[in-house]
1. Considering only the stretch 99-136, how many residues are surrounded by fewer than 16 Cβ atoms within 10 Å (Cβ to Cβ) and either on the phi < 0 side of the Ramachandran plot or of a type in the set (Phe, Trp, Tyr) (or both)?
2. Could you say whether any residue in the stretch 13-35 is out of contact with any Phe, Trp or Tyr (no Cβ under 7 Å at 6 or more places or on another chain), at negative phi and among the basic types (Lys, Arg)?
3. Given the criterion small (Gly, Ala, Ser) and surrounded by 16 or more Cβ atoms within 10 Å (Cβ to Cβ), identify the matching residue among Ser153, Ser146.
4. Of all residues in the stretch 130-157, how many are free of Cβ contacts under 8 Å to residues at least 12 places away in the same chain and part of a helix (DSSP H, G or I)?
5. Can you list residue pairs whose Cβ atoms sit under 8 Å apart, with the first residue in the stretch 12-37 being within 11 Å of Arg50 (Cβ to Cβ) and at pLDDT below 95 and the second being of a type in the set (S, T, N, Q) and surrounded by 20 or more Cβ atoms within 10 Å (Cβ to Cβ)? Count only pairs 6 or more apart in sequence or on different chains.
6. Please indicate, with yes or no, whether at least one residue in the stretch 6-21 is under 30 Å from Leu132 (Cβ atoms), of a type in the set (Asp, Glu) and in contact with a Lys or Arg (Cβ under 9 Å, 6 or more places away or on another chain).
7. For Lys88, state whether it is of a type in the set (Lys, Arg) and at pLDDT 95 or above.
Amino acid sequence: NDLFNDIDNPHDVNLIILFNACAQLKTKEALDLVKKTSKQIPKSFYSNPRLLTSLLDAFMKCGDVAHAESLFYTSKQKVLPMYGAMMKGYVDNNLPEKAIDLFNEIENPDAVNMIILFNACAQLETKEALDLVKKTSKQIPKSFYSNPHLLTSLLDA
């Protein structure tokens, strides 16, 4: 935190590192720093998908789902890692239904998105969730089956 405050014009990489550190801390102070910093960064930085993903992740891990949602839904260019950060955040904040709803908005989900979907379904433990797991597992590209994390999350669901 102190080192970051000593930097006059942080490059977006520094911001990503800051947001990642705050996400790991998961404290109110970390969230306050994320909010303060996100208000001060130039608008042009918001076109960097890596920066946005780390900011979404920080908001979610610090428990500020509302700020993450606001940022996500106002973002013009959404990339798969942004969806993943939001879905994981929903699962971690005990909002598995929202993770499933968001998954359904993704045109071509990757293995990470599917893993998080299966985690959300496992958290719900309902017949509907199990049916969704079955339906989705039939649509998984063959190449994804070499991913042990995907297979494990599928078994857990």
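1. Start the filter on the stretch 99-136 by keeping residues that are surrounded by fewer than 16 Cβ atoms within 10 Å (Cβ to Cβ), which leaves 101, 104-105, 107-108, 125-128, 130-131, 134-135.
Remaining after also requiring either on the phi < 0 side of the Ramachandran plot or of a type in the set (Phe, Trp, Tyr) (or both): 101, 104-105, 107-108, 126-128, 130-131, 134-135.
Of the residues in the stretch 99-136, 12 are surrounded by fewer than 16 Cβ atoms within 10 Å (Cβ to Cβ) and either on the phi < 0 side of the Ramachandran plot or of a type in the set (Phe, Trp, Tyr) (or both).
2. Yes, the conditions are met somewhere in the stretch 13-35.
3. Numbers: Ser146 fails: surrounded by 16 or more Cβ atoms within 10 Å (Cβ to Cβ).
The unique qualifying residue is Ser153.
4. Residues meeting the conditions: 12.
5. Filtered contacts from the stretch 12-37: Leu15/Ser54; Ile16/Ser54.
6. no
7. yes
The values are calculated or read from the model by the stated rules, or taken from the named source; none is laboratory data. The structure presented is a predicted model; accordingly, all values stated were derived computationally and were not measured. Here the Cβ is made from the backbone with ideal geometry for all residues, glycine too, and neighbour counts use every protein chain on show.
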